[in-house]
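Structure record follows, encoded as structure tokens.
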Amino acid sequence: MTLRLHLFLIILLTVFAPAAPAAAGEPWGEWLVAEKSAQIRIVDCAGALWGVVAWEKDPGGVDEKNPDLAKRTRPTLGMPILLGMKPIAPGKWDGTIYNSENGKTYSGGIRMNDDGSLRIFGCILGFLCGGETWTRVEAPSSNGLQATDAAICARLDAS
């Protein structure tokens, strides 16, 4: 193998190698919800954070309470619940949250806590707010969503 080809392959592998695991202070990656009933994968899609259901404790759920009748049969696995979160300050993002338990969408956000956990909150009328704290999961569940971050972003763009 020539030196040029060898250098080209090294550069190619460096550019397309999988990203290193997320730092403790960043929200992308896998998160276990407070009830431990699901994992959410947060991905960065062109500067906006999206969170999709990556694993369910009880597989086979559908979005039966969605106000859009056409979406009521869509699987909850892979469904976006954190929608277009934009950075507003270090460790803080605001956007929209979809709650499949009641089919409602809320204004809300995510905040990185000092202990590495993630605080999720949503508000009705801008002042009635609630939320929960999620914990990072180092490895995605093997029986969950099997898609790359790029594939997730592409699917979100198409919907």
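The values are calculated or read from the model by the stated rules, or taken from the named source; none is laboratory data. Every value quoted in this text rests on a predicted model; they were computed, and no experiment measured them. Cβ sites come from the backbone with ideal geometry, for glycine too, and all protein chains shown count toward neighbours.
Remarks
- Filter result for W93 (within 20 Å of A147 (Cα to Cα) and among the aromatic types (F, W, Y)): no
- Listed by position, the strands (runs of 3 or more DSSP E) contained in region 79-159 that have at least 3 residues being surrounded by 12 or more Cβ atoms within 10 Å (Cβ to Cβ) and β-branched (V, I, T) are 128-137.
- Odd one out for V33, checked against (1) surrounded by 17 or more Cβ atoms within 10 Å (Cβ to Cβ); (2) modelled with pLDDT of 95 or more; (3) closer than 21 Å to C153 by Cβ: (3)
- Remark: pairs (first residue in region 24-36, at positive phi and in contact (Cβ under 8 Å) with a residue 40 or more places away in the chain; second residue small (G, A, S) and part of a loop (DSSP other than H, G, I, E, B); Cβ separation under 7 Å; 6+ apart in sequence or on different chains) = G29/A22.
- Residues that are at pLDDT 80 or above and among the aromatic types (F, W, Y) were ranked within region 113-146; the one that is nearest to Q39 (Cα to Cα) is W134.
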